[in-house]
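S.K.: Next up is a structure, given as structure tokens.
Read-outs: derived from the displayed coordinates by stated rules, not from any lab. If you're wondering where the values come from, they're calculated on a predicted model, not measured in any experiment. So basically every Cβ, Gly included, is an ideal-geometry build from the backbone, and we count neighbours across all protein chains shown.
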Amino acid sequence: MIYTLTINPAIDMHISANEMAFGKVNRTKDAVYSANGKGINVSAALRHFGIESEIIGIFGGFSGEYIVDYYKSRGYKVYGVKIDGITRINVFVEVNGNECNLVNNGPLVSQNKQKELLDLIDKLEDMDTLVISGSMANGIDDTYYEQLLDVCKAKNTKVILDISSVKLKALLRYKPLLIKPNDEEIKGIFDFDIVDEKDAVYMLLKLYEMGAQNVLITLGEKGSYFYNGTDTYFCEPYPVKLKSSVCAGDCYLAAFLSEWLTKPENVEGAMTLASATGANVAESSGMGDFANVDKYRKKIKVRKIL
């Protein structure tokens, strides 16, 4: 079974406005409220593509209860560590194609609750794969990633990492099945700018040599690259008018996994589906409805880099 882990989930409010200015009342429109979190988004998108997964997270207060109830009512299995604080609420505002994101830190998670989460993961016997996505919650040091991966290593659980922490560099020694950094994360973690394809290929090989079994680098409107130790691929993006990029990367990853986990040889199919999905979500509020994925996918090309 695939599990997704979201340590710092949120309710996201996506709104649009014709203008934004301080010192006056700004009227908004098109409000969409989403029970979110990066790993949770992966689970939701995986289901859309026919792959079941189970959700693990840390939840607190009325907002945490809302997220848990929302997904349980839709048939997901949700394993939660309950805390006293209130799960964060984020606000994403789109103004004429520009984004303003107001992202909160989230509630404090005690040492006891951190241990409770590790124990919970350790006891899930059918955990074949764990997708770890998103940021750490308030009070959790980045060394906690190593504790998580130690538990997974002991369980022989395959790990997929989609995190922006500088700790990613050290975690590569655990040989994660897949990592998915974007260009900003490459810059922040490895102090390297990806300017052209030569740079992208260099970083793919470097991350593989450091321990990642497979590397998927996303560059937004510049496309994406994949390396599996043998072959290197480039997938072109599908151009859309941006509404909100918030869930796009999570849904991109889920779409890729839905094809690649069962058919790792079908890299082209996985990348075109992922690119189309990311584009469709980026032009939507929240995750959207995936209505244009099939249409976009037919127009996207993948090439193998020799």
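S.K.: Quick check of the Kirkwood formula: for the chain, what is the inverse mean of 1/r over all pairs of different Cα atoms, in Å?
M.R.: Details: mean 1/r = 0.0507 Å⁻¹.
Final number for the Kirkwood radius of the chain is 19.7 Å.
S.K.: While we're looking at this one, here's another question. Any aspartates and glutamates with Cα under 20 Å of the Lys77 Cα? List them, leaving off those in the same chain fewer than 8 positions away.
M.R.: Here the aspartates and glutamates satisfying the reach criterion relative to Lys77 are Glu52, Glu54, Glu65, Asp69, Glu116, Asp119, Asp122, Glu125, Asp126, Asp128, Asp250.
S.K.: Right, something else. Please list the radius of gyration and Dmax for region 28-79, considering alpha-carbon atoms only, with Å as the unit.
M.R.: Considering region 28-79 through its Cα atoms, Rg and Dmax are 11.7, 36 Å.
S.K.: Then there's this: Determine the distance separating the Cα centre of region 101-154 from the Cα centre of region 45-75; give it in Å without decimals.
M.R.: When both Cα centres are located, 16 Å separates them.
S.K.: Another question about this same structure. State the Cα centre-to-centre distance between region 190-224 and region 1-29 in whole Å.
M.R.: One Cα centre to the other: 30 Å.
S.K.: Here's something else I'd like to know. Taking K and R as +1 and D and E as -1, what net charge do the other residues with C-beta under 12 Å from the C-beta of Tyr71 add up to?
M.R.: Its environment carries a net charge of +1.
S.K.: Along each principal axis of its Cα atoms, how long is region 190-306 end to end? Whole angstroms, biggest number first, please.
M.R.: 38, 32, 22
S.K.: Contact order normalised by length for region 2-305, with contacts defined as Cα pairs under 8 Å and 6 or more residues apart; what percent is it?
M.R.: 15
S.K.: Please compute the volume of the convex hull spanned by the alpha-carbon atoms of region 63-192 and report it per residue in Å³.
M.R.: 144
S.K.: Any chance you could run the full-extension gain for Ile189 through Glu19? It's 0.36 nm times the residue separation minus the Cα-Cα distance, nm to one decimal.
M.R.: 57.7 nm
S.K.: Separation between the Lys206 and Lys115 pseudo-spin-labels, each 7 Å from Cα along Cα→Cβ, expressed in nm?
M.R.: Spacing of the two 7 Å Cα→Cβ label points: 4.0 nm.
S.K.: Could you pull out the longest piece of the chain with no exposed loop GluC sites (Glu not before Pro) in it, calling a site exposed if DSSP puts it outside H, G, I, E, B and it has at most 13 other Cβ atoms within 10 Å?
M.R.: On the way: sites that count: Glu19, Glu52, Glu125, Glu265.
Segment 126-264 is the longest.
S.K.: Related question: Please report, in debye to the nearest 20, how large the charge dipole of region 2-305 is about its Cα centre when each Lys and Arg carries +1 at its beta carbon and each Asp and Glu carries -1 there.
M.R.: Numbers: 35 positive and 40 negative charges, 74 e Å.
It comes to approximately 360 debye.
S.K.: In region 1-82, which chymotrypsin sites (Phe, Trp or Tyr not before Pro) are in a loop and have at most 14 other Cβ atoms within 10 Å, using DSSP for the loop call?
M.R.: Those satisfying the criteria are Phe22.
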